[in-house]
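Here is the structure we will look at, set down as structure tokens.
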Amino acid sequence: MTNADTPQPASWESINELAAAVRSCTDCGLHTSRTNAVPGSGASNAKILIIGEGPGLNEDQQGLPFVGRSGKLLDELLAEVPLSREDVFITNVVKCRPPENRDPLPDEVASCRPYLDRQMQLLDPKVIVTLGRVSMLRFHPTGKISEDHGKILEWEGRVLFPLYHPAAGLRNPAIKRELQKDVLRLPEALEEWARLSANASVTQ
Ligand code: URA
């Protein structure tokens with residue numbers, strides 16, 4: 001893809017303005033089956049942006065991200081570091097629930113992309129934590145979640161920190177153990193950002 005072909009993030013002026021646009025969005029077929037769109041929630045000055053795949057049943061009902069069983073595990077993982085929801089911003093690759101929790105289709109991911117791109121511009125996070133394969137592929141298209149989970153990577157001047165999805169951890173105790181081990185590297189991921197930005201200012 002050339003730069004000219006790359007969709008440019010639309011210019012919502014704030015996270016709240018963007019959230020209002022998400023709530024009334026009809027850009028892809030997912031809006032026909034949703035109860036609520038789920039723009040995301042958390043601190044607008046958060047250093048850490050956590051990106052899941054798409055809302056599930058509970059999230060669709062409440063309009064908030066990660067409020068079901070996966071969210072409970074996510075809260076427990078964050079508490080290990082220790083962080084809480086007030087310290088991070090949480091959103092998803094697609095903002096409306098895919099029916100039966102199937103993976104979002106490529107055209108649904110593409111329709112929702114301007115929202116995620118603009119959220120990244122507005123929030124300007126230091127560390128992007130992706131949860132699961134679909135979210136990791138948005139930033140690391142050649143990645144493999146079984147190999148790349150828990151690695152501290154660089155993406156466009158930010159730190160990319162892919163983790164398994166908490167739902168996978170709930171299904172598989174071995175994956176849950178990997179998640180519990182990987183999340184302990186989150187402080188290291190933040191240190192890596194400090195190192196990256198110090199290097200960038202030296203070479204400017
Ligand atoms: N799974 C996700 O990927 N996102 C949510 O918000 C909830 C469950």
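Are any of the pairs LYS95/LYS126; LYS144/LYS176; LYS126/LYS151; LYS95/LYS151; LYS72/LYS151 more than 20 Å apart by Cα-Cα distance, and if so, which?
LYS95/LYS126; LYS95/LYS151; LYS72/LYS151
Distance between the pseudo-spin-label points of SER146 and ALA200 (7 Å out from Cα toward the beta carbon): 3.4 nm.
Subtracting the Cα-Cα distance of GLU76 and GLU188 from 0.36 nm times their residue separation leaves 38.4 nm of extension gain.
Size of the dipole of the chain about the Cα centre, Lys and Arg at +1 and Asp and Glu at -1 on the beta carbon, nothing else charged, in debye to 20? Provide the component values of the computation, followed by the final result.
Working: 23 positive and 27 negative charges, 81 e Å.
Value, rounded to 20: 380 debye.
Extending 7 Å from Cα along the Cβ direction at ASN45 and again at ARG23 yields two label points whose distance is 2.5 nm. For ASN92, the amide hydrogen comes within under 5 Å of the amide hydrogens of GLY52, counting only partners 5 or more places away or on other chains and with H modelled in the peptide plane.
Protection proxy ranking, highest mean first, for peptides 141-150, 176-185, 34-43, 159-168: 159-168, 34-43, 176-185, 141-150, where packing is the per-residue count of other beta-carbon atoms within 10 Å, averaged.
For the chain, the solvent-accessible area with a 1.4 angstrom probe is 51 square angstrom per residue. Note on the chain: semi-axes of the ellipsoid equivalent to its C-alpha gyration tensor, largest first and rounded to whole Å, are 24, 22, 16. Peptides 125-136, 64-75 ordered by packing proxy, namely the average of other Cβ atoms within 10 Å per residue, highest first: 125-136, 64-75.
Which whole-number percent gives the relative contact order of segment 11-199, counting Cα pairs below 8 Å spaced six or more residues apart? Provide the component values of the computation, followed by the final result.
On the way: 337 pairs, mean separation 42.8, N = 189.
Once divided by the residue count of segment 11-199, the mean separation gives 23 percent.
Where does the charge balance sit around ALA10 when Lys and Arg score +1, Asp and Glu -1, over other residues with C-beta under 13 Å from its C-beta? Net of charged neighbours comes to -2.
Here the 3J(HN,Hα) profile of segment 55-66, calculated from phi with Karplus coefficients 6.51, -1.76 and 1.60 at θ = phi - 60°, is x, x, 4, 5, 5, 4, 6, 9, x, 10, x, 6 Hz, Gly and Pro shown as x.
The values are calculated or read from the model by the stated rules, or taken from the named source; none is laboratory data. Remember, predicted model here, so these are calculated numbers, not experimental data. Here the Cβ is made from the backbone with ideal geometry for all residues, glycine too, and neighbour counts use every protein chain on show. Side chains are part of the model used for accessible areas, which takes the heavy atoms of the whole protein and leaves out ligands, DNA and RNA. Shrake-Rupley method; radii C 1.70, N 1.55, O 1.52, S 1.80 Å.
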